[in-house]
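Here the structure is laid out as structure tokens; the discussion comes afterwards.
The values are calculated or read from the model by the stated rules, or taken from the named source; none is laboratory data. As the structure is a prediction and not an experimental result, all values here were calculated from the model. Note that each Cβ is placed from the backbone with ideal geometry, even for glycine, and that neighbours are counted across all protein chains shown.
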Amino acid sequence: MTRSGSAGGSGVGGSGAEGTDPLVGDRIVVRYRLGDATPDDWRGDPAAALSDVTGILRDDGDPLVVERDGAPESIPRSAVTSVRLLSRFTVRNSEIRSAEVAAAAAWPGVESAMLSGWLLRAGNGFTRRANSAVPIEFGAGTDATTLTAMRDWYAARGLPALVVVADRLIPAGQIDGIDRSGDVQFLTRDIADFPVRARSDAVRLDDAPDAAWLRAYRGDDVDLDAAAAVVGASRGPMTVATLGDDTPISIGRATVTESADGTPWLGITALWTVSGHRRRGLASDVMSSLVAWGADHGAQRIYVQVEADNRVAGTWYRASGFGLHHSYRYVEV
């Protein structure tokens with residue numbers, strides 16, 4: 001399947017997911033050749049022999065099935081010329097920035113500073129999320145003076161200057177650097193009507209991670225002190241979930257933090273299950289416990305962040321009603 005569009009998006013409602021194959025449940029626009037359906041008076045114009053359909057991808061086989069206004073449209077793959085991934089709903093630039101404020105507050109590192117509209121975070125090198133700069137104010141600077149000051153701030157802490165380049169917040173070409181990730185998708189849904197399973201008594205919620213939880217999250221050689229400081233940091237209520245007795249077999253972390261517009265967001269991170277225990281509903285049990293906890297703490301919306309090439313996780317989240325809000329990537333400047 002070929003894809004069209006730019007990484008910067010296409011204005012309101014677009015989330016330029018170039019290079020990212022859509023998953024069932026994504027909102028897409030498909031451009032295709034009309035073939036025999038082309039009106040007679042159009043057939044001399046190749047451009048006029050193309051049409052678009054925008055809707056929710058319901059089947060990614062052959063034909064593609066796209067639901068538009070409640071009705072399925074089938075498009076043979078041989079006729080498809082491009083597929084563009086869109087945000088699930090209309091998303092304004094201000095809403096992307098606002099959601100990123102909540103996410104940054106949920107994972108602020110152990111030290112932070114504001115610089116020309118950027119929130120700079122440092123967390124002793126533990127995770128990209130806690131050691132990167134996020135553009136949380138309108139017009140965050142991308143000039144040489146700002147980037148030099150950013151590099152100096154991170155260098156003083158022995159860290160590379162890693163920035164979050166989010167859809168439409170940083171215009172394409174304004175920041176040159178080395179990509180340190182592929183697209184990361186910011187998926188969202190309302191907390192109301194979340195398909196919560198019966199809360200499992202086996203899932204334990206704690207105010208801070210213990211050593212076993214941290215090792216499950218990052219391996220046996222994890223720096224426990226650095227990891228505990230970063231995972232435990234949040235500018236709002238935070239909890240960690242554990243399923244398993246002596247050794248965790250499924251874990252997760254949840255926070256409730258406010259976006260720039262005051263919306264309380266439940267952020268689900270570090271959701272992980274031991275490989276030998278997957279496909280048994282354990283992650284759903286953990287997720288349900290965390291969502292119930294978030295609802296008790298006043299959250300109205302939920303977000304998760306998943307690598308675009310992690311199609312297993314991406315499919316699982318979409319089956320739980322999440323849709324693409326925007327994408328971002330990490331760039332070293």
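Filtering Ala270, Ala295 for residues that are surrounded by fewer than 21 Cβ atoms within 10 Å (Cβ to Cβ) and in contact with a strand residue (DSSP E or B) (Cβ under 6 Å, 6 or more places away or on another chain) leaves a single hit, Ala270. Here the condition is being free of Cβ contacts under 8 Å to residues at least 40 places away in the same chain and either of a type in the set (D, E, K, R) or touching a Phe, Trp or Tyr at 6+ places or on another chain (Cβ under 7 Å) (or both); of Arg301, Arg235, Arg279, it holds for Arg279 alone.
Exactly one residue among Val286, Val230, Val312 is of a type outside the set (Gly, Ala, Ser), surrounded by fewer than 16 Cβ atoms within 10 Å (Cβ to Cβ), part of a helix (DSSP H, G or I) and not assigned by TED's automatic domain parsing to the domain that holds Leu169, and that residue is Val312.
For region 241-287, residues that are closer than 21 Å to Glu100 by Cα and aliphatic (A, V, I, L, M) total 7. Might you check whether a residue that is buried (at least 18 other Cβ atoms within 10 Å of the Cβ), under 26 Å from Ala254 (Cα atoms) and not assigned by TED's automatic domain parsing to the domain that holds Ala299 occurs anywhere in region 153-163? Yes - at least one qualifying residue is present in region 153-163. One residue is enough: does region 313-326 have a residue meeting the conditions among the hydroxyl-bearing types (Ser, Thr, Tyr), farther than 22 Å from Gly219 by Cα and in contact with a helix residue (DSSP H, G or I) (Cβ under 8 Å, 6 or more places away or on another chain)? Yes: region 313-326 contains one or more residues that are among the hydroxyl-bearing types (Ser, Thr, Tyr), farther than 22 Å from Gly219 by Cα and in contact with a helix residue (DSSP H, G or I) (Cβ under 8 Å, 6 or more places away or on another chain). All of (1) of a type in the set (Val, Ile, Thr); (2) within 30 Å of Ala161 (Cβ to Cβ); (3) assigned to a loop (DSSP other than H, G, I, E, B) hold for Thr247 with one exception: (2). When Ser112 is tested against (1) over 15 Å from the mean Cα position of the chain (by Cα); (2) in contact (Cβ under 8 Å) with a residue 12 or more places away in the chain, exactly one condition is not met: (2). A count restricted to region 130-152 and to residues that are touching a strand residue (DSSP E or B) at 6+ places or on another chain (Cβ under 8 Å) and either assigned by TED's automatic domain parsing to the domain that holds Val231 or not in a loop (DSSP other than H, G, I, E, B) (or both) stands at 8.
Might you check whether a residue that is in a loop (DSSP other than H, G, I, E, B), touching a Leu at 6+ places or on another chain (Cβ under 7 Å), surrounded by 19 or more Cβ atoms within 10 Å (Cβ to Cβ) and touching a residue at least 60 places away in the same chain (Cβ under 8 Å) occurs anywhere in region 318-325? Yes, some residue in region 318-325 is in a loop (DSSP other than H, G, I, E, B), touching a Leu at 6+ places or on another chain (Cβ under 7 Å), surrounded by 19 or more Cβ atoms within 10 Å (Cβ to Cβ) and touching a residue at least 60 places away in the same chain (Cβ under 8 Å).
Tyr303 satisfies every condition listed in (1) part of a helix (DSSP H, G or I); (2) modelled with pLDDT of 95 or more; (3) within 16 Å of the chain's Cα centre (by Cα) except (1). The residue list Ile191, Ile175 contains one member that is in contact (Cβ under 8 Å) with a residue 60 or more places away in the chain, farther than 30 Å from Thr247 by Cβ and surrounded by 15 or more Cβ atoms within 10 Å (Cβ to Cβ), which is Ile191. Taken over region 259-283, the criterion of being more than 15 Å from Met238 (Cβ to Cβ) and either assigned to a strand (DSSP E or B) or of a type in the set (Ser, Thr, Tyr) (or both) is satisfied by Ser259, Thr263, Trp272, Thr273, Ser275. Only one of the listed residues (Ser10, Ser82, Ser94) is within 27 Å of the chain's Cα centre (by Cα), at pLDDT 85 or above and either part of a strand (DSSP E or B) or over 13 Å from His325 (Cα atoms) (or both). That residue is Ser82.
Could you identify the single residue in Val83, Val134, Val91, Val101 that is buried (at least 16 other Cβ atoms within 10 Å of the Cβ) and touching a Lys or Arg at 6+ places or on another chain (Cβ under 6 Å)?
Only one candidate qualifies: Val83.
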